[in-house]
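Everything below concerns the one structure shown next.
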Amino acid sequence: MAKVIMIQGTMSNVGKSFLAAGLCRIMKQDGYRVAPFKSQNMALNSFITEDGLEMGRAQVMQAEAAGIKPMVCMNPVLLKPVSHTGSQVIVNGEVAGNYNAHQYFSYRERLVPEIKKAFRKLETYADIIVIEGAGSPAELNLKEKDIVNMGLARMVDAPVLLAGDIDRGGVFAQLLGTLMLLEKEERARVKGLIVNKFRGDLSVFTPGVRMLEERGKIPVLGVVPYMDLALEDEDSLTERFGKRAEGLIDIGVIRYPRISNFTDFNVFEQLPQVSVRYITSVSELHQPDLLFLPGSKNTMGDLKWMRQNGLEAAVKKMAEKIPVWGICGGYQMLGQAVSDPDGVEEGGEIRGMELLPLVTRLEKNKVRCQTEGRLPRLKGIFSPLSDMEYRGYEIHMGHTSPADGEVFSPAVSGRRVSGLTAADGEAFGRVAAGAAREGRQRQLSPVICGENQNVYGTYIHGIFDRGAIGAAVINILAEKKGIRLDSGGMEDYHSFKEKQYDILAQTLRQHLNMEEIYGMLREASLE
């Protein structure tokens, strides 16, 4: 049985994910086999494992910090919102269906055996499991049959560290109010408090620590400073969506209502001369050097949103002067049309932006696979990227094909390895990891360049992360502007994140009482 500790928060975005990742890194450095766990995550940023299963990226980040491969048992339940009241529910990496809130609350009790099974499986890999809660344990209307906060802590007999966010204000009310609303048995599980995201002189808060301990009767195990780390945060409340100054190289990302997997652009944040701005209106567009249409959990709905607020027309006009690159849902939008005969999203058919000669048909089967290979022969500004090695993953509902004929793309889980492109611009692929029965099939090139050689599209998430592709994109944009930009400091994104995890761990070691935290670890047991 693994030892277990749990991070809960007073509300969303208090830094639970970072704290859990930091503890994973510290414990890895101290020689333990450690793994993250979150029973239920709600996020539109997701990842595909080597065996073709889908999980939340927060647990992927924590697994990276722990030095182990992501496994779907680290996040057995993933909710991906498709509207204000409904989500796609993914259980053990596979789609279980779309549920509105009322349906899901009735359904979630049936997920307890799956959560216990995933936790038991994770125990076979780890000495220590660091668990992350969700939102707040004091949401009184949600506490009945809870499976992610105190309900989970009870299920796996976990001691709890309760974190509050002082940067957002009201940290005394956050921590003491949460403790007050907990049941006696729940409160007894809270073994320590953490004040997170402190700015300024830490000594100023020394009286505050004493006050929290006197009123809460629970020790404060650390006051953690605000850390400006380039790691993946909670997608719903990320500070990346705030207004940013334009850099020497300015990258714009359209932020539609159901934006997903915007982690594709984190790699560009390494260089201080490069800005990544998230855009919601025509007035915010300005004159970026590169414009991305990112993934979307509702391609048709988000395309309608762009059409209604004028962004579609502005992007099409901008594509005459600057490169526009669509990824996943954004790629689908750039085509001639998107059809939805099975009602996967909104049903019917919608005209696309007509910038790529492609059509997309949405289907119930989700494509989930990792992919790697070499980029095809590209035209236009990004022609220097031709033949560069890439690695990433695909995750999408539906298939995209040339507007004038059918090209097959396998709708299976597994690992697709794309080969070199043929003369006609298509690629030949092969599917492995349990999908060998599909054999060799023709599929679209991993990156498509339109007749307007400023327009590009791909289904591949993470395509800029590994190797030299990200740095090459920045160098190409700088050369076009006639400026010199030192991209030598731009690393392979995996290597860059490794350094960020070490900084995170070093900071937490300085400001958390790790001796006390190690003392809390005890044998976990399931009921």
Original post:
Can you flag which of LYS28/LYS143; LYS80/LYS321; LYS80/LYS497; LYS28/LYS121 are past 30 Å Cα-Cα?
Top reply: LYS28/LYS143; LYS80/LYS321
**OP:** Please sort 75-85, 505-515 by packing, taking for each peptide the average over its residues of neighbouring beta carbons within 10 angstrom, highest first.
**Re:** 75-85, 505-515
Subject >> region 41-67 versus region 112-164: alpha-carbon centroid distance in Å >> reply: 17
Subject >> Net charge, PRO137 excluded, C-beta distance under 9 Å - Lys, Arg +1, Asp, Glu -1 >> reply: -2
Original post:
Using the per-residue mean of other Cβ atoms lying within 10 Å as a proxy for protection, in what order, highest first, do the peptides 43-51, 288-296 fall?
Top reply: 288-296, 43-51
Original post:
For labels at SER12 and THR206 in the simple 7 Å Cα→Cβ model, what's the distance in nm?
Top reply: 3.8
Original post:
Against the longest alpha carbon principal axis of the chain, how many degrees, from 0 to 90 and to the nearest 10, is the axis of helix 16-29 turned?
Top reply: 80
**OP:** Give, in nm to one decimal, the length gained when the segment between GLN103 and ASP486 is fully stretched (0.36 nm per residue of separation minus the Cα-Cα distance).
**Re:** 132.6 nm
**OP:** Determine the share of region 176-215's accessible area contributed by carbon and sulfur atoms, expressed in whole percent, with a 1.4 angstrom probe.
**Re:** 56
Subject >> Compactness of region 126-207, expressed as Rg and Dmax over alpha-carbon positions, Å >> reply: 13.9, 42
Original post:
Amide H neighbours of VAL455 under 5 Å, counting only residues 5+ apart in sequence or on other chains, H built in-plane at 1.01 Å?
Top reply: VAL324, GLY450
Original post:
Using the Cβ atoms and a cut-off under 10 Å, what net charge is assigned to the surroundings of ARG108, where Lys and Arg are +1 and Asp and Glu are -1?
Top reply: 0
Subject >> Cα-based helix-to-principal-axis angle, 206-216 vs the chain, degrees rounded to 10 >> reply: 70
Original post:
How do the peptides 340-347, 86-93, 100-107 rank, highest first, by the average count of neighbouring beta carbon atoms within 10 Å per residue?
Top reply: 86-93, 340-347, 100-107
**OP:** Quickly work out the LYS499-to-ARG374 label distance, labels modelled 7 Å from Cα along the C-beta direction, and quote it in nm with one decimal.
**Re:** 3.0
Subject >> DSSP-defined beta bridges in region 1-106 - what % are antiparallel, rounded to 5 >> reply: 80
Subject >> Between region 243-287 and region 312-332, the alpha-carbon center distance in angstrom >> reply: 14
Original post:
What is the projected area of the convex hull of the Cα atoms of the chain, averaged over all directions, in nm²?
Top reply: 23.9
Subject >> Acute angle (nearest 10 degrees) that the helix 469-481 long axis makes with the longest principal axis of the chain, alpha-carbon atoms >> reply: 60
Original post:
Which listed residue (LEU229, GLY97, TYR107) has the Cα farthest towards the positive end of the charge dipole for the chain, taking +1 on Lys and Arg C-beta and -1 on Asp and Glu C-beta about the Cα centre?
Top reply: TYR107
Original post:
Which lysines, on any chain, are close to LYS117 with Cα under 18 Å apart, when same-chain ones fewer than 8 places away are left out?
Top reply: LYS3, LYS38, LYS145
Original post:
Taking every DSSP beta bridge that has both residues in the chain, what percent is antiparallel when rounded to the nearest 5?
Top reply: 50
Original post:
How about LYS480: which aspartates and glutamates have a C-alpha closer than 18 Å to its C-alpha, ignoring those fewer than 8 places off in the same chain?
Top reply: GLU246, ASP250, ASP289, GLU320
**OP:** Would you mind getting me the FRET efficiency between ASN365 and SER386? Use the beta-carbon distance for r and R0 = 35 Å, nearest 0.05.
**Re:** 0.65
Original post:
If amide H atoms are built 1.01 Å from N in the plane of the peptide, which residues on other chains or at least 5 residues away come under 5 Å of the amide H of ARG33?
Top reply: ASP127, ILE128
Original post:
So what is the 222 nm mean residue ellipticity for the chain from helices alone, if each DSSP H run of at least 4 adds -39500 (n - 2.57) and you divide by all residues, rounding to the nearest 500 deg cm²/dmol?
Top reply: -8000 deg cm²/dmol
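The values are calculated or read from the model by the stated rules, or taken from the named source; none is laboratory data. Please read all numbers here as calculations on a predicted model, not as lab measurements. Cβ sites come from the backbone with ideal geometry, for glycine too, and all protein chains shown count toward neighbours. Side chains included, ligands, DNA and RNA excluded: accessible areas come from the protein's heavy atoms. Shrake-Rupley method; radii C 1.70, N 1.55, O 1.52, S 1.80 Å.
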